[in-house]
1. Would you mind telling me which numbered condition in (1) part of a loop (DSSP other than H, G, I, E, B); (2) within 19 Å of the chain's Cα centre (by Cα) residue 235 fails?
2. Can you find even one residue in the stretch 136-158 that is crowded, with 19+ Cβ neighbours inside 10 Å, aliphatic (A, V, I, L, M) and farther than 25 Å from residue 30 by Cβ?
3. Output yes when any residue across the stretch 37-50 is farther than 23 Å from residue 126 by Cβ, at pLDDT below 95 and of a type in the set (Ser, Thr, Tyr), and no when none is.
4. Inspect all residues belonging to the stretch 218-229 and state whether any of them is in a loop (DSSP other than H, G, I, E, B), surrounded by 15 or more Cβ atoms within 10 Å (Cβ to Cβ) and of a type in the set (Ser, Thr, Tyr).
5. Taking the options 166, 193, name whichever one is over 22 Å from residue 311 (Cα atoms), touching a helix residue (DSSP H, G or I) at 6+ places or on another chain (Cβ under 9 Å) and not hydrophobic (A, V, I, L, M, F, W, C).
6. Identify all residues within the stretch 269-283 that are surrounded by fewer than 23 Cβ atoms within 10 Å (Cβ to Cβ) and either without any contact (Cβ under 8 Å) to a residue 24 or more places away in the chain or not hydroxyl-bearing (Ser, Thr, Tyr) (or both); write none if there are none.
7. Being of a type in the set (A, V, I, L, M, F, W, C) and closer than 26 Å to residue 245 by Cα is the filter; apply it to the stretch 315-352 and report the residue that is nearest to the chain's Cα centre (by Cα).
8. Return the total of residues in the stretch 225-256 being touching a strand residue (DSSP E or B) at 6+ places or on another chain (Cβ under 8 Å) and more than 28 Å from residue 142 (Cα to Cα).
Amino acid sequence: MPLAAVTGINGYVATHVVLYYLQKGWTVRGTVRSTSKVENVKSFPVYKEYFEKGQLEVVVLKDLVNGDWTPVLEGVEAVAHVAAPIGMKGDNITWADYKGPTVTGIIRLLEAAKDSPTIKGISAISSMAAAFDPAKLGSTEDLTLTENDWFPIPEEYLAAMDVMEPFTTQLWYCGAKKISETEAFQWVETNKPSWSYATIVPPMVYGPPLHILSPEGLNIETGGSLPDLVTLFSGKDLPPQLAEAWVDITDVAAGFFETSTRQKSGRFLISGGKYTWQIFADYLRKIRPDLEAYVPLGNPSAPQKITKFVDNSKSIKELGLTYKSHEEMLKETVEHFEKIGLFKIPPGAWKK
């Protein structure tokens with residue numbers, strides 16, 4: 001069986017990426033950042049049969065920047081780089097703290113893979129944050145993002161921002177994601193490796209968090225898409241509407257698999273379509289009235305105007321992706337939450 005390397009296999013998206021390769025008949029070598037997390041990963045029920053069959057192995061890569069990539073990349077044909085620093089906090093955080101790990105981490109991977117005789121394709125996670133213009137965030141005009149769109153704020157402006165000002169860290173995250181993409185593509189253009197290189201650029205990513213095994217595990221403080229999805233089941237207010245495009249987590253996994261195995265290079269916007277939290281809540285309360293205490297009512301009569309769209313035609317044409325509906329995603333998410341016992345405790349009881 002061919003071998004794929006997947007970074008950060010104890011994470012939300014990476015768990016689905018690993019399973020996608022495994023279910024396609026690949027062997028996977030996954031990374032975690034500490035020896036304590038090795039046993040944690042081996043406890044995941046979704047991984048159990050694959051560890052037992054020897055189809056899945058895990059290695060420790062303590063540091064994406066300074067760690068030794070050799071044992072990770074040896075003999076692999078595909079690399080899915082999913083691990084990424086997010087949610088950094090603190091009064092002393094700087095622009096360099098965001099840019100450094102995000103950008104240098106991917107360049108270190110590319111350098112380590114440069115002369116590999118086996119690698120055929122590398123794919124790395126990015127974010128729609130690297131593509132949108134924050135000046136248009138409140139616009140009521142229709143806006144469609146494509147692979148040609150980039151976060152426009154220059155690095156000089158980002159470096160001068162005060163961490164204590166509102167939205168600074170959010171803008172730093174966007175800028176770091178953009179620069180990690182552009183510098184990696186520049187590295188590939190300069191070094192001309194034999195393998196393909198692609199970035200997967202999703203908006204908000206939703207679906208069952210298979211790496212979370214109990215309601216207590218839903219008390220998530222990091223950034224990313226998952227905390228808001230979890231909040232949808234807290235029985236209180238709807239989560240803030242920070243975006244209007246979403247994608248199912250298994251479709252992100254498919255993007256990794258297809259780019260690396262088809263040896264596709266370039267940038268791929270991955271999106272399942274438009275949404276509002278009200279649309280999600282209305283559907284959940286319709287199909288599961290028994291869970292109404294967990295799903296906020298919101299304002300069902302309010303007009304659902306959506307102005308931000310993502311052009312996913314490139315991913316459909318070049319990767320053959322077909323996208324799940326929000327109905328499928330929500331049903332699968334509820335099934336997982338039921339499995340871990342979320343609905344056996346009072347709404348929001350998992351919160352600290």
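The values are calculated or read from the model by the stated rules, or taken from the named source; none is laboratory data. Given the structure is predicted, the values throughout are model-derived calculations rather than measurements. Every residue, glycine as well, gets a Cβ built from its backbone with ideal geometry; the counts of neighbours run over all protein chains shown.
1. Among (1) part of a loop (DSSP other than H, G, I, E, B); (2) within 19 Å of the chain's Cα centre (by Cα), the lone unmet condition for residue 235 is (2).
2. Yes, the conditions are met somewhere in the stretch 136-158.
3. yes
4. Yes, the stretch 218-229 contains a residue that is in a loop (DSSP other than H, G, I, E, B), surrounded by 15 or more Cβ atoms within 10 Å (Cβ to Cβ) and of a type in the set (Ser, Thr, Tyr).
5. Answer to the selection: 193.
6. Selection gives 273, 274, 277, 278, 279, 281, 282.
7. It comes out as 329.
8. Matching residues across the stretch 225-256 total 1.
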